[in-house]
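Remarks on the structure that follows.
Each value in this text was obtained by applying a stated rule to the coordinates, not by laboratory testing. Source: prediction; values computed, not measured. Note: ideal-geometry Cβ built from the backbone for every residue, glycine included; neighbour counts use all protein chains shown.
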Amino acid sequence: MTVAPALGYDRSDWASAFRNVGVELDGVVLTTSRGAIPSELQGTLYRNGPGRLERGGKWVHHPFDGDGMITALTFEGGEAKLRNRFVRTEGFDAEERADKFLFRGVFGTQKPGGLAANAFDLRLKNIANTHVVRLGDQLLALWEAAEPHALDPETLETRGLSRLDGLLKPGEAFSAHPRFDPGHHGEPRMVTFGVKTGPRSTIRLMEFSSSGALLADSRHSFKGFAFLHDFAITPHWAVFLQNAVAFNPTGFVLGQKGAAQCLASKPGEKGQFWLIPRSGEGKPLQIPAPEGFVFHHLNAFEEGEELVVDSIYYDDFPSIGPDVDFRQVDFESIPEGQLVRCRIHLTSGAVSTEVLEARTCEFAMVNPERQGLDARHSWMAVAERERGNDPLQAIKKLDLTTGVGKVWSAAPRGFVSEPVMVPRPGATAEDDGWVLCLVWNGARCASDLVILDAASLAEVAVLELPLAVPHGLHGSWAQA
């Protein structure tokens, strides 16, 4: 189906990325179709996302219910190698043997057999499909509703479910969106959390050294149901935004909906900022947040008596109804994300807001060395149109001080994923480095890896991958 030319993209190009990955490649040497790989680029780009979207002729209701697949692109000496592997979770192996869905999906996927087969089956399959990060000698595939899976960083082979040497209880939530402190407390740290939801919600805040040693561990309870995917850090604070949402589990219990489809915004109600001291000393602060819904934060930093938090805001909780085919979704009917800066006065509790980027955007990041500090530059995935909601087809570099932006576009047939900014070794300028991005190429129904100059967004190199990677979620860079 071809959409109106004014939209600038063909829906079938975008939808063609939703497919099963049928191969697992092992160290395939890649060549550039344009440009050259910088010799200083030394390390591995890891990506996670759903790679299995259909079983036994039945499709998932939402791609976020698909089984996790890790893609690794390793750079050394101006060359690149590609490897991909499915995460061999217990549920993945069981469904591979059965060739059908055995578990319901959080986002609405049902088992065969209708209501009788799905009602009162409250089991969740850990699909390990959301993020992938290095911690010590392990690569962790993350899914925020349960424990991580440990993988071999080189081969991507699944070592098994990890409870981090007994730190986690069976089934305990472990965030799929850790933050990496570049050294505010003398050494780099991974800061992460788990949340137990209910009428009162409890956040477990954890900090790890680069080797994987636990450095800090604390729990904090708050009134209200918590829907928390992401958070932000500063040297002294962990910043959470409790969205104003309600959860009515009736549809999930009766087999009519997925758990995520039972979430609904509370019209007219504001969310809450939950500010937790990273030192473990002092009480958390609760401050009313602006109306809107937030999945992801760009960054946060401290400025005198104020805490500044940059987040991507939606007017409402974006979801896909039980009767909607995700491949035919109407983008105009979904709220668009915009980058908003909130200034929180820590003493008075007053909050002011400013729109930093009105163009539809998602997956924003700063130079990792500026995590938790006032950063001047950011990189994000944006729509090709400056106004209106569309698929993400371009990368934008935004000067957070002046508002000036630069754009690299993959339109009309390319669709971008989360950009990952990699600083050049020894760089002194904040924007000296590269931006790596997987792009779905609708013209050849496969994925490209695009390397951009982080300062100018000039194209440095394009690698056409012998692999079709579906639209994914998060990724990370591990320096060699």
Per its Cα gyration tensor (rounded if a/c is under 1.5, else prolate when a/b beats b/c, else oblate), the chain is best filed as rounded
With -39,500 (n - 2.57) per DSSP H segment of 4 or more residues and division by the full residue count of the chain, the 222 nm estimate, nearest 500 deg cm²/dmol, is -1000 deg cm²/dmol
Counting only residues 5 or more apart in sequence or on a different chain, those whose built amide H sits under 5 Å from that of Trp434 are Val422, Arg424, Ala454
From the Cα centre of the range 301-338 to that of the range 424-461, the distance in Å is 25
Karplus-derived 3J(HN,Hα) from phi for the range 440-454 (6.51 cos²θ - 1.76 cosθ + 1.60, θ = phi - 60°), whole Hz, x at Gly and Pro, runs 7, 9, x, 5, 10, 6, 7, 9, 10, 9, 10, 10, 10, 6, 5
Sequence order, the range 252-258: Karplus ³J(HN,Hα) from phi using 6.51 cos²θ - 1.76 cosθ + 1.60, θ = phi - 60°, Hz rounded, Gly and Pro as x, gives 5, 4, 7, x, 8, 9, x
Output for the range 311-420: GluC sites (Glu not before Pro) sitting in coil per DSSP, at most 15 other Cβ within 10 Å, listed by number, reads Glu386
Under 5 Å from the placed amide H of Thr360, counting only residues 5+ away or on other chains, we find Ala383, Gly388
Summed over the other residues with a beta carbon less than 15 angstrom from that of Pro199, with K and R at +1 and D and E at -1, the charge totals +4
Filtering trypsin sites (Lys or Arg not before Pro) in the range 353-412 by DSSP loop and by at most 16 other Cβ atoms within 10 Å leaves Arg376, Arg387
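List the pairs from Lys125/Lys196; Lys257/Lys283; Lys58/Lys270 whose alpha-carbon separation is above 28 Å, in the order I gave them. Spell out each step's value before the answer.
Values: Lys125/Lys196 17 Å; Lys257/Lys283 38 Å; Lys58/Lys270 39 Å.
Checking Cα-Cα distances, Lys257/Lys283; Lys58/Lys270 exceed 28 Å.
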Taking a straight Cα-to-Cα line shorter than 18 Å from Lys406, and setting aside same-chain aspartates and glutamates fewer than 8 residues away, one finds Glu357, Glu362, Glu384, Glu386, Glu418, Glu430, Asp431, Asp432, Asp453, Glu459
